[in-house]
Amino acid sequence: MLFRSLRTRDGIQKSVDYFSRMVVNDSRDARGYAGLASAAAMIAEYGYGGTPVKVEVGRARAYARRALAIDPNNGEAYAVLGELATETKMKNAAPQVAAALADLRRAIALDPGNGSAHEWYGMTLLDQGRVGEAYSELRTAAELDPLSVPTTAWLGTTAYLERHYRDAIVYARETL
């Protein structure tokens, strides 16, 4: 988890190696597939793969679905599906946004300690203009995953939009 949280090319590759070994050692452990789903989603988001983004997104979805087939209460898998829906939605596609929000809420309900789920939920809320709710979710995400540079960066932006200028400066400096 630490390597994936760093969101560097090497960190995500290390997490892929780790979760791949988990799957090989126990193909009935949903956590390995969910970890691979999350890593593939980040590879797609940051353009770290040697394959097209569409391929990585498809891979992430397949791993998430496999995790849910094994464990229908795997919060990480729901978080990935929610994040993928927010990334691939068309402008103002209300049904897709609603599905993304539902998956992210379910992920948080199943695993309240998942910083990425809170971050992605906060970003989706921000995209919907729900700045106050987004700020709260992103603060939770930063508390849960203080090493996440993207979370801190989004938190700085949201603090600025909420007119919490001192906090925005602090988060911006922390991001840098």
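The values are calculated or read from the model by the stated rules, or taken from the named source; none is laboratory data. Every value quoted in this text rests on a predicted model; they were computed, and no experiment measured them. Virtual Cβ from ideal backbone geometry, glycine too; neighbours counted across all protein chains shown. Areas reflect the complete protein model, heavy atoms only, side chains present, ligands, DNA and RNA absent. Shrake-Rupley method; radii C 1.70, N 1.55, O 1.52, S 1.80 Å.
Do we find a residue being open to solvent by 30 Å² or more (accessible area, probe 1.4 Å) and within 12 Å of the chain's Cα centre (by Cα) anywhere in region 35-45?
Taking region 35-45 as the starting set, the residues that turn out to be open to solvent by 30 Å² or more (accessible area, probe 1.4 Å) are 45.
If we keep only those that are within 12 Å of the chain's Cα centre (by Cα) as well, we get 45.
There is at least one residue in region 35-45 that is open to solvent by 30 Å² or more (accessible area, probe 1.4 Å) and within 12 Å of the chain's Cα centre (by Cα).
Taking Leu138, is it more than 13 Å from the chain's Cα centre (by Cα) and in contact (Cβ under 8 Å) with a residue 12 or more places away in the chain?
no
Being open to solvent by less than 30 Å² (accessible area, probe 1.4 Å) and modelled with pLDDT under 95 is the filter; apply it to region 53-75 and report the residue that is farthest from the chain's Cα centre (by Cα).
Among residues in region 53-75 that are open to solvent by less than 30 Å² (accessible area, probe 1.4 Å) and modelled with pLDDT under 95, the one farthest from the chain's Cα centre (by Cα) is Glu56.
Which members of region 113-131 meet the condition of being more than 17 Å from Tyr160 (Cα to Cα) and part of a loop (DSSP other than H, G, I, E, B)?
Gly113, Asn114
In region 105-158, what count of residues is obtained for those that are in contact with a Phe, Trp or Tyr (Cβ under 6 Å, 6 or more places away or on another chain) and more than 20 Å from Gly75 (Cβ to Cβ)?
Of the residues in that region, 4 qualify.
Report the residue count in region 132-176 for those that are open to solvent by less than 70 Å² (accessible area, probe 1.4 Å), within 14 Å of Tyr121 (Cβ to Cβ) and not in a loop (DSSP other than H, G, I, E, B).
13
Of the residues that sit in region 111-130 and are surrounded by fewer than 23 Cβ atoms within 10 Å (Cβ to Cβ) and touching an Asp or Glu at 6+ places or on another chain (Cβ under 6 Å), which one is farthest from Val97 (Cα to Cα)?
Gly115
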